[in-house]
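The values are calculated or read from the model by the stated rules, or taken from the named source; none is laboratory data. These numbers come from a predicted model, not from an experiment. Please note: Cβ atoms are built from the backbone with ideal geometry, for glycine as well, and neighbour counts cover all protein chains shown. SASA here: full protein model, heavy atoms, side chains in, ligands and nucleic acids out. Shrake-Rupley method; radii C 1.70, N 1.55, O 1.52, S 1.80 Å.
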Amino acid sequence: CWGILLIKSLVLFLLTVTMFLSTLTPKFYFALTVTSSFISGLIFVFEWWHFRKYGTSFIEQVSVSHLRPLIGGAESSPPAPAAFLAGENETSRQNMPECKVWRNPLNLFRGAEYSRYMWVTGKEPLTYYDMNLSAQDHQTFFTCDTDALRPSDTVMQKAWRERNPQARIKAAYQALELNNDCATAYVLLAEEEATTIVDAEKYFKQALKAGEMIYRKSQNCHSQSPQHEAQLRRDTNVLVYVKRRLAMCARKLGRIREAVKMMRDLMKEFPLLSMLNIHENLLEALLELQAYADVQAVLAKYDDISLPKSAAICYTAALLKARAVSERFSPETASRRGLSTAEINAVEAIHRAVEFNPHVPKYLLEMKSLVLPPEHILKRGDSEAVAYAFFHLQHWKRIEGALNLLHCTWEGTFRMIPYPLEKGHLFYPYPSCTETADRELLPTFHEVSVYPQKELPFFIHFTAGLCSFSAMLALLTHQFPELMVIFAKAVSTVYHGAC
């Protein structure tokens, strides 16, 4: 509708301009056509840049947001009954999956990994939005209402709110001066001051010693008041966090069996904390050990219809089924004799995984370059795909033929879901909000993967056509100035006759 209106307006404008040009000399005519070509070229370049950066057309955005209300595009309608609105909102809330940001279960260490990357490349691997979410997580996990009773906890409460890393580290040392058994201070130093995994592990061991002592004290008096219950929850969060990070340190330092034991013990000790997704850490460590039977046992427990899915769950399930057939799989042979039952199961598992997160295959097949995963991810988004592929690409490469099977079959998923934003096959329709959230989570130097691929907006085609048309007029005017003036006068005469 906007395009048709704009084309009609443009035709009328060009006729008016042609009448005006018919009164000018060839030199003025040429200068005007060159100027209009230059301006339309600038508009086209800006439109293209805006679309690549923000995923929308600038002209369309301005038209819908500002011009449409002025020309009466927003029609007034009678207000709907409150009961109907409530029902409609409830229905849309149930049908549309929420773009919720989750803590990355395998997030890296700030000092030992993210900071080292920045020192080497000069690029900031974490966005401000991502770090701000982490600061909110730390305040939620590591603080409570009773912090005012302990000076060291009061200092740490302020430390988690600091934006400057050096100010946070300084506050952690101040807290340790007040109380040498402040577990959260050791946590902060392990995350941000330690420049190697070995140093981080030393700090976490000190945090574990202090955290266990505080946790036992909180257990003894948690029933005395609501404040003590809140303190027990906080001390539990600290203890679980420290044990998990110690297991991750062991995994990174090559002590994989020790890491697996620590993760299993942690899941048994705190079974109600499944929302922390410790099983994803366990899956990755078991894959490194090539303990595929144990991986299958973990999937049998967590790949359940009642539990939220993740790329790690779906793609690990696909990897195990692909492992059974990938070594002998050949597309030519399969096309001649058809797929066996095991191959059909493997292909269906790959299609299921690709439907859940369609961004992952390009990273596994190394069609897109990886960056360091963010501290938070959006399920089904590009950020989750980066985080999964960063840790699991090596496991796919280790199984002979697995990547070949993925390469041959993953694009077949899209034939089953021609309209992914409207209707899914095994999952909810693909959420349309992932691109915006992923742009906030991933660094600016990373090209965010977009699904489904957006068509170029009308206004990019329009400005490209306008630029080409203006350039053609300028060229013709330069080559045939007299003829172009005669043409302009002819058009003007025809227009006057029609009026």
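Between residue 445 and residue 202, the contour length at 0.36 nm per residue exceeds the alpha carbon distance by 84.1 nm. Round to the nearest 0.05 the FRET efficiency obtained for residue 45 and residue 139 when R0 = 51 Å and r is the Cβ-Cβ distance. Efficiency at R0 = 51 Å is approximately 0.70. Over all distinct Cα-Cα pairs of the range 215-295, the Kirkwood formula returns a hydrodynamic radius of 13.7 Å. Classify the range 149-205: rounded, prolate or oblate, from the alpha-carbon gyration tensor (a ≥ b ≥ c, eigenvalue square roots; a/c under 1.5 rounded; otherwise prolate if a/b is larger than b/c)? The shape class here is oblate. If you wrap the tightest convex hull around every Cα atom of the range 176-260 and split its volume per residue, you get 90 Å³. Comparing Cα centroids, the range 275-312 and the range 143-204 end up 32 angstrom apart. Label positions at residue 297 and residue 408, each projected 7 Å from the Cα along the C-beta direction, are separated by 3.3 nm. Using 0.36 nm per residue and subtracting the Cα-Cα separation, the extra length available between residue 167 and residue 268 on full extension is 32.6 nm. Label positions at residue 124 and residue 342, each projected 7 Å from the Cα along the C-beta direction, are separated by 5.1 nm.
Quick check on the range 184-231: take the gyration tensor over C-alpha atoms, sort the square-rooted eigenvalues as a ≥ b ≥ c, and tell me if it's rounded (a/c under 1.5), prolate or oblate. In terms of gyration-tensor shape, prolate.
Among 362, 268, 321, the order of accessible area from largest down is 268, 321, 362, computed with a 1.4 Å probe on protein heavy atoms. Exposure check, 1.4 Å probe, all protein chains in place: residue 425 carries approximately 100 Å² of accessible surface.
Apply the a/c threshold of 1.5 to the C-alpha gyration tensor of the range 282-435 and tell me whether it is rounded, prolate or oblate. Here the range 282-435 falls in the rounded category. Cross-link check: pairs 158/205; 170/379; 170/368; 261/368; 309/362 evaluated at a Cα-Cα cut-off of 32 Å; pairs beyond the cut-off: 170/379; 170/368; 261/368.
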